[in-house]
Amino acid sequence: MTPLTASSLRAPRAASLLSASRRSIAFSAARLAAACLLGTAPLFVAAAPEARAGDIRIVDAVAAPTLAGNPNGVMYIGEMTNGGARADRLVGASTPIAARVELHTMGVDAQGVMRMRPAGPIALEPNAPVRMQRGHGLHLMLMELKRPLKAGETFPATLEFERAGKTQITVRVDAAGPAQPGGMNHKP
Ligand SMILES: [Cu+2]
């Protein structure tokens with residue numbers, strides 16, 4: 001998400017050159033900042049947990065609460081962005097709360113049935129964010145959970161990248177899935 005900075009709130013000198021939509025974003029950001037200072041802004045930006053592995057930024061890892069009787073869980077990484085110049089790949093993941101973590105993708109088979117299957121390493125091209133959203137394609141499968149996952153809790157996990165190596169992340173358990181990237185209702 002774009003952080004609110006002093007420079008983003010400053011009225012640009014060439015305001016007349018800005019499009020109407022850009023002006024309205026600047027104005028609403030200024031109003032928002034004012035509301036924050038007054039303590040009246042709604043908590044619309046829950047700081048999404050963030051981690052880094054070298055040049056890779058990992059935002060908002062979320063797992064779904066487990067359903068009764070299901071030994072496996074599902075986890076999504078809201079956004080992974082490779083800020084470096086060279087491509088990398090997510091090659092694996094692990095967590096102390098599951099026997100293993102598998103990279104999965106989902107698709108429709110020849111019979112028209114939605115199925116998930118193991119995915120290969122997930123490519124991270126420079127500056128091409130990879131997003132996992134609930135119910136869409138890519139996800140991480142938490143196999144043989146050692147305990148059920150309950151909404152509101154967090155647990156640690158490790159992501160392993162081919163070039164950037166391993167990094168630990170904090171995963172929150174939330175039925176709603178990852179926050180929509182971008183935040184603040186800005187359209188990309
Ligand atoms: Cu799966």
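Return the residues of the range 77-106 that are away from the ligand (no atom under 11 Å from the Cβ) and hydroxyl-bearing (Ser, Thr, Tyr); say none if nothing qualifies. Even if it seems obvious, please write down each step before you answer.
Taking the range 77-106 as the starting set, the residues that turn out to be away from the ligand (no atom under 11 Å from the Cβ) are 77-100.
The answer is THR81, SER94, THR95.
Listed residues LYS150, LYS146, LYS166; which is more than 16 Å from the ligand (Cβ to nearest atom), over 16 Å from the mean Cα position of the chain (by Cα), more than 19 Å from LEU67 (Cβ to Cβ) and in the same structural domain as ALA64 (by TED's automatic domain parsing)?
LYS166
For ALA123, indicate whether it is more than 16 Å from the ligand (Cβ to nearest atom), in the same structural domain as ILE77 (by TED's automatic domain parsing) and touching a strand residue (DSSP E or B) at 6+ places or on another chain (Cβ under 8 Å). Lay out the reasoning, then the answer.
Values: more than 16 Å from the ligand (Cβ to nearest atom): yes; in the same structural domain as ILE77 (by TED's automatic domain parsing): yes; touching a strand residue (DSSP E or B) at 6+ places or on another chain (Cβ under 8 Å): yes.
Taking the combined requirement at face value, the residue satisfies it.
Here is a list: MET106, MET80, MET75. Which entry is out of contact with any helix residue (DSSP H, G or I) (no Cβ under 9 Å at 6 or more places or on another chain), surrounded by 14 or more Cβ atoms within 10 Å (Cβ to Cβ), in a strand (DSSP E or B) and modelled with pLDDT under 95?
MET106
Among (1) closer than 17 Å to TYR76 by Cβ; (2) away from the ligand (no atom under 16 Å from the Cβ); (3) of a type outside the set (Lys, Arg), which single condition is MET116 missing?
That leaves (2) as the condition not met.
The values are calculated or read from the model by the stated rules, or taken from the named source; none is laboratory data. Because the structure is predicted, anything quoted here is derived from the model rather than measured. Every residue, glycine as well, gets a Cβ built from its backbone with ideal geometry; the counts of neighbours run over all protein chains shown.
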